[in-house]
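Enquirer: Please find one structure pasted underneath; my questions will follow.
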Amino acid sequence: MHNISIEEHRLIGDIYDAAMDARLWPNILTKIATHTQAKTANIIAMDQLNPAYNLFFPHNIPEQCLIEYQESGWNVVDMKVVGAGLAKFGVGVPHTSIDVFGSIENVQKEYGDYYGFLQKWGMTSQLGALLDHGDFRWSVVGIHRPEEMGVFGADAAAFLERITSHIRRALQIHRQLMAVKNENTRLYTMLDAMVTGVLLLGNDARIHFANPRAARLIAEHEAITIQQEGLRAQNNPQNSILQKLIRGAIETSQRDCKGAHGGVIGLNSQHRSTPLMLSIVPLSSLDAWQDLRQDNIAAAIFLTDPDQGYHLSDRLLQDNYQLSPREVSICQLFINTPNINTIAEHSGLSTESVRTYLKAIYEKTGQHSQAELIRLLMGLRVDFEHIR
């Protein structure tokens, strides 16, 4: 078992201090680089859909390199190529770029022009540990050397692995503290719970927040992508319309008008028979959300997939009608497919069991037929309907 030195214990303490005060990260990176004989180092936490949580600190990286990294979009390439490569090994386990891609030739092929950028700034020999990874987010701690200094050895990897778990916890604490400090935490918590996808855009049209449903829809539906400048439709003619609607909503909000500038658009994709529906709304039209102005929010976009079917509130059914979890799931199926055989197939029950559950649901809700139950459940939907 490795005996942790006094210096390493102190470094771990510094890491948790940085969770409370992010200004301490540069000092931590300096110690990591010194211990591993790295020329440069950085820590990145990037969330394309919730950039308020973004964190980026470098060590010994020239300012011009950092500017080029952001403006040329290498940060997104880093997330999608390097992040996806490290994700194959899981979080918390350091690997070199050669470990990830098999050879220096494969690294150059996978990185493309990004490799030239790294070569230019003396960072082609890399050792990184993934801290978190998702469709639109990643966090990583990395150390780098130019080719002439050679690859990182087992000692450097073991050291980085020992402190990675502490860095991960520190970043989780940082994210929680950021949420607590936000005066609109309750509002964002409500948006997170919505079954409708919600995006909040700033005055620059870039995404400031996305709830989990919006993140899933964007990840699943190829009609739309996230880029440096914000949301973009894959179809160019539709993208022109989308950008016009977004600009109109933002301008309306900036003028503090109550008009309905914005609009609705359905974005088509090659492999979907139905479009992804977007409603673009100026913040000035959302009276209950005016507190978001202090976060520089100018517009909201509501996303729904017409293929997703109807959705009911589990809690509402349980609290108002004392339905059991199994009865709630039967209702969720029934509102979309009021066919006993289909419900039985999807729920793994016999048709007789489904009839028994429906009888109990009729009694608890005071309904006497399938038609009456459908009318009741349709009135309890929590889906968002786009008004053209």
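The values are calculated or read from the model by the stated rules, or taken from the named source; none is laboratory data. Please read these numbers as outputs of a predicted model, since none were measured by experiment. When we count neighbours, we look across all protein chains shown, and the Cβ atoms used for this are built from the backbone with ideal geometry, even at glycine.
Enquirer: Cβ-Cβ below 9 Å, separation at least six or inter-chain, first residue in the stretch 59-77 and within 14 Å of Met123 (Cα to Cα), second of a type in the set (Gly, Ala, Ser) and buried (at least 18 other Cβ atoms within 10 Å of the Cβ): which pairs?
Expert: So the pair list comes out as His59/Ala33; His59/Ala38; His59/Ala41; Asn60/Ala33; Asn60/Ala38; Asn60/Ala41; Ile61/Ala41.
Enquirer: If you don't mind, there's one more thing I want to ask. Counting just the residues of the stretch 12-26 that are of a type in the set (D, E, K, R) and assigned to a helix (DSSP H, G or I), which one comes out nearest to Met123 (Cα to Cα)?
Expert: Only one residue fits best here, namely Arg23.
Enquirer: Kindly indicate whether any position in the stretch 192-199 is assigned to a helix (DSSP H, G or I) and within 30 Å of Asp78 (Cβ to Cβ).
Expert: yes
Enquirer: So is Glu161 charged (D, E, K, R) and either assigned to a helix (DSSP H, G or I) or touching a Gly at 6+ places or on another chain (Cβ under 6 Å) (or both) or not?
Expert: So Glu161 fits the description; yes.
Enquirer: Which of the residues that make up the stretch 157-184 are among the polar types (S, T, N, Q) and within 17 Å of the chain's Cα centre (by Cα)?
Expert: Of everything in the stretch 157-184, those that are among the polar types (S, T, N, Q) and within 17 Å of the chain's Cα centre (by Cα) turn out to be Gln172, Gln176.
Enquirer: Among the listed residues Asp155, Asp135, which satisfies the condition of being among the charged types (D, E, K, R) and not in a helix (DSSP H, G or I)?
Expert: After ruling out the rest, the residue left standing is Asp135.
Enquirer: Let me ask something additional. Of all residues in the stretch 253-294, count the ones that are of a type in the set (Val, Ile, Thr) and under 17 Å from Asp204 (Cα atoms).
Expert: Final tally of qualifying residues: 2.
Enquirer: Report every pair of residues separated by at least 6 positions or lying on different chains whose Cβ atoms are under 7 Å apart, first residue within the stretch 317-346 and free of Cβ contacts under 8 Å to residues at least 12 places away in the same chain and farther than 15 Å from Leu377 by Cβ, second of a type in the set (Gly, Ala, Ser) and surrounded by fewer than 16 Cβ atoms within 10 Å (Cβ to Cβ).
Expert: What qualifies is Ala344/Ser350.
Enquirer: Still on this model: Collect the residues in the stretch 83-93 that are in contact (Cβ under 8 Å) with a residue 60 or more places away in the chain and either among the hydrophobic types (A, V, I, L, M, F, W, C) or farther than 15 Å from Leu127 by Cα (or both), keeping them in residue-number order.
Expert: Listed by number, the residues that qualify are Val91, Val93.
Enquirer: Determine whether Glu327 is over 30 Å from Glu68 (Cβ atoms), surrounded by 13 or more Cβ atoms within 10 Å (Cβ to Cβ), in the same structural domain as Gln367 (by TED's automatic domain parsing) and among the charged types (D, E, K, R).
Expert: In short, yes.
Enquirer: Suppose we keep only residues that are touching a helix residue (DSSP H, G or I) at 6+ places or on another chain (Cβ under 9 Å) and of a type outside the set (A, V, I, L, M) within the stretch 14-26. Which one would you say is surrounded by the most Cβ atoms within 10 Å (Cβ to Cβ)?
Expert: Among them, the one singled out is Trp25.
Enquirer: Of the residues Glu110, Glu148, Glu161, only one is farther than 27 Å from Asp47 by Cβ and surrounded by fewer than 19 Cβ atoms within 10 Å (Cβ to Cβ); which?
Expert: Exactly one residue qualifies, and that residue is Glu148.
Enquirer: What's the total number of residues in the stretch 27-73 that are part of a helix (DSSP H, G or I), over 22 Å from the mean Cα position of the chain (by Cα) and surrounded by fewer than 17 Cβ atoms within 10 Å (Cβ to Cβ)?
Expert: Qualifying residue count for the region: 8.
Enquirer: Looking at Thr189, Thr164, which one is of a type in the set (S, T, N, Q), at pLDDT below 95 and assigned by TED's automatic domain parsing to the domain that holds Ala249?
Expert: Going through Thr189, Thr164 in turn, just one is of a type in the set (S, T, N, Q), at pLDDT below 95 and assigned by TED's automatic domain parsing to the domain that holds Ala249: Thr189.
Enquirer: Any residue at all in the stretch 93-107 that is over 24 Å from the mean Cα position of the chain (by Cα), modelled with pLDDT of 90 or more, part of a loop (DSSP other than H, G, I, E, B) and not basic (Lys, Arg)?
Expert: yes
Enquirer: Another question, if that's okay. Scan the stretch 189-229 residue by residue and report those that are under 30 Å from Val141 (Cβ atoms), buried (at least 19 other Cβ atoms within 10 Å of the Cβ) and not small (Gly, Ala, Ser).
Expert: Answer for the stretch 189-229, where residues must be under 30 Å from Val141 (Cβ atoms), buried (at least 19 other Cβ atoms within 10 Å of the Cβ) and not small (Gly, Ala, Ser): Leu199, Leu200, Ile207, His208, Phe209, Asn211, Ile218, Ile226.
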